[in-house]
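Each remark here refers to the structure printed beneath this line.
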Amino acid sequence: MAIRINGAEVEAPEDARVSLLDLLRERVHLTGTKVGCNQGACGACTVLVDGERVLSCLTLAAQVDGRSVTTIEGLAEAEALHPLQAAFIDHDGFQCGYCTPGQICAAAAMLAEVAAGAPSYVTADLTAERVPLTREEIRERMSGNLCRCGAHNGIVDAILQVAAERAA
Amino acid sequence: MNPVEYRRPATADEALTLTGSAGARLLGGGTNLVDLMRKGVERPSLLADVSGLSSLIEPTEGGGLMIGAAARNSAVAAHPLVRAHYPMLARAILAGASAQIRNMATVGGNLMQRTRCLYFADTAGSRCNKRSPGSGCDALEGFNRYHAILGASGDCIAVHPSDMGVALAALDAQIRILSTGGIRVVPLTEFHRLPGDRPDLETALEPGELIVSIELPPSSVAARSAYRKVRDRASYAFALVSVAAGLAVRDGRVEDVRIAFGGVAPRPWRAFRAEAVLLGRPPTTEAFEEAAEAELQDATPLSGNSFKPNLVRRTMTAVLSELAGDDR
């Protein structure tokens with residue numbers, strides 16, 4: 001088996017203690033994924049495993065052997081920006097940028113969850129097939145990603161823009 | 001982190017052969033265990049990753065629902081049958097942690113997460129009877145805003161942090177546990193032990209056992225049910241108080257009711273006394289408040305959370321009033 005990271009196969013480490021986050025940064029040298037709290041409280045290390053957002057700091061690399069990982073480096077095609085990357089620039093969805101890779105990976109998965117009809121804690125009708133993507137919904141669904149610079153309003157604007165583009 | 005061997009058993013039986021060995025721990029999503037390993041609180045020598053075992057969610061012949069222990073929290077909350085027939089369970093899961101953590105965490109792992117507080121994780125500076133039996137508890141006279149007011153002991157006042165478990169307690173969930181001797185079934189309300197003088201022992205699960213599934217029996221109150229969580233920030237925070245409740249009213253009287261609290265006890269706290277007070281009574285605000293008082297009569301608030309009994313009473317009354325709606 002191997003771990004497929006942004007399309008390339010990487011062998012799982014021998015040492016089971018190695019987190020997915022450390023594998024990405026220290027061994028594969030994909031440093032876009034950031035170390036924030038390293039204890040599951042901030043979301044800076046968010047990546048996608050088989051398309052779903054997870055925290056790479058609390059994932060052992062061994063757990064994703066045989067699965068597919070997408071990091072911020074693998075989100076867009078070649079040199080083009082992913083629509084969320086472009087929208088974060090348009091709306092000043094960051095200041096220092098440290099939480100941004102995690103924010104964008106989380107947002108990409110979040111839009112897919114909404115498209116699949118998954119409810120959130122603030123969704124009034126749990127049985128609705130289509131959830132209206134309000135600011136309140138975005139704030140609740142993105143609550144696992146903290147921004148110490150306080151760019152949350154810009155982040156919500158950026159996500160709303162991409163959601164609107166897709167709906168058009 | 002100490003060196004550890006990682007294994008991924010292909011079957012439940014294979015997992016059982018691993019769990020009996022000393023130093024072995026079952027691994028679900030790892031959202032609690034990996035964190036505690038990194039902090040030096042947990043030091044397993046073997047991790048048996050059971051997150052690939054049964055994650056099936058399906059109706060039972062008796063009209064209930066069976067949830068495989070390896071089902072992800074997010075998959076349970078998004079499941080059409082859970083959303084339609086067990087709204088308190090969907091809402092409780094969605095109130096817990098963050099979307100990333102819910103994608104990782106399994107149902108079995110959620111129940112097996114440690115009953116804990118900040119002092120438990122502070123290996124460098126704090127005494128904790130749970131982490132180091134007999135060493136003392138720094139939470140008793142310390143920062144205990146988040147701690148228990150029901151079911152605690154002089155040795156430990158930590159709460160069980162699960163939101164999902166609170167809804168499962170209210171829904172009379174049954175935990176199916178596999179060992180080489182076969183399956184035994186433990187009600188969720190009896191699965192988590194009260195701390196007494198052994199706060200290091202938290203659940204009914206013995207070495208050599210594995211949670212394979214959670215069964216929800218048919219329920220007359222599940223369809224009209226809700227979960228409300230009160231916390232210090234609007235999202236991604238542990239509960240100060242939470243309430244899961246389901247209500248059935250017939251001819252102006254409470255025909256059936258289920259109530260459970262989170263954030264106030266070392267286990268998801270089923271409010272049996274409150275339920276008994278309400279049965280057969282008109283579903284009025286006064287009755288709800290009286291029921292809450294009955295449940296809270298043994299409450300022992302701490303220096304940092306004297307507000308909790310009042311918050312429980314008000315939250316419970318609000319949730320039940322909303323469920324009663326026009327029947328009130």
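Structure data summary
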read-out	value
Axial C-alpha extent at least 18 Å, average Kyte-Doolittle at least 0.0 - helices from chain A (DSSP)	A:100-115, A:152-167
Cα centre as origin, Lys/Arg/Asp/Glu Cβ charges: chain B dipole, Debye	780
Gyration tensor (alpha-carbon) shape descriptor, chain B, a/c threshold 1.5	oblate
Backbone N within segment A:81-120 under 17 Å of label point (7 Å from A:Thr31 Cα along the Cβ vector)	A:97-102
Amide hydrogen neighbours beyond the local backbone of B:Arg116, cut-off 5 Å, H modeled	B:Val159
Sum of side-chain charges, A:Ser143 neighbourhood, beta-carbon under 12 Å (Lys, Arg +1; Asp, Glu -1)	+2
Accessible area expressed per residue, segment A:59-168, with surrounding protein chains retained (probe 1.4 Å, Å²)	47
Test item: Cα-centred dipole of the protein assembly as shown, Lys/Arg +1 and Asp/Glu -1 on Cβ, debye	740
DSSP beta bridge pairing in the protein assembly as shown, given as percent antiparallel to the nearest 5	85
Cα shape, segment B:1-151, gyration tensor, a/c 1.5 rule	oblate
In Å, descending, principal axis extents of the Cα set of segment B:83-134	47, 21, 15
Radius 12 Å from Cβ of B:Tyr146, net charge of other residues (Lys, Arg +1; Asp, Glu -1)	+3
Most mobile of B:Ser242, B:Ser51, B:Ser306 in a GNM of chain B (Cα contacts under 10 Å)	B:Ser306
Nearby lysines by direct alpha-carbon distance to B:Lys308 (threshold 23 angstrom, same-chain neighbours under 8 apart not counted)	B:Lys229
Whole-number percent relative contact order across chain A, with pairs defined as alpha carbons under 8 Å at least 6 apart	24
Chains A and B, summed buried accessible surface - 1.4 Å probe, Å², nearest 100	3100
Electrostatic dipole magnitude of segment A:28-168 [Cβ: Lys, Arg +1; Asp, Glu -1; Cα centre; debye, to 20]	340
Spatially proximal lysines relative to A:Lys34 (Cα-Cα < 28 Å; intrachain offsets below 8 disregarded)	B:Lys39
Charge tally in the Cβ shell below 9 Å around A:Pro83, where Lys, Arg are +1 and Asp, Glu are -1, A:Pro83 excluded	0
For segment B:143-241: rounded, prolate or oblate by the Cα gyration tensor [a/c cutoff 1.5]	oblate
Share antiparallel - DSSP beta bridges, segment B:1-133, percent rounded to 5	35
The protein assembly as shown, accessible surface, carbon-and-sulfur percent (1.4 angstrom probe)	49
Amide proton proximity set for A:Ile5, modelled H, under 5 Å, gap of 5+	A:Val10, A:Val69
Mean Cα-pair separation over length for chain B, i.e. relative contact order, pairs under 8 Å, 6 or more apart, %	17
Relative compactness, the protein assembly as shown, computed as alpha-carbon Rg over 2.2 N^0.38 Å	0.97
Most mobile listed residue (B:Ile183, B:Ile67, B:Ile214) in chain B, GNM with C-alpha springs under 10 Å	B:Ile183
Loop trypsin sites (Lys or Arg not before Pro), segment B:90-163 (other Cβ atoms within 10 Å of the site Cβ: 16 or fewer; DSSP)	B:Arg127, B:Arg145
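The values are calculated or read from the model by the stated rules, or taken from the named source; none is laboratory data. Worth saying up front: this structure is predicted, and the values here are computed from it rather than measured. Here Cβ is always computed from backbone atoms with ideal geometry, including for glycine, and neighbour counts include all displayed protein chains. Quick note on the areas: whole protein, heavy atoms, side chains included, nothing else; ligands and nucleic acids left out. Shrake-Rupley method; radii C 1.70, N 1.55, O 1.52, S 1.80 Å.
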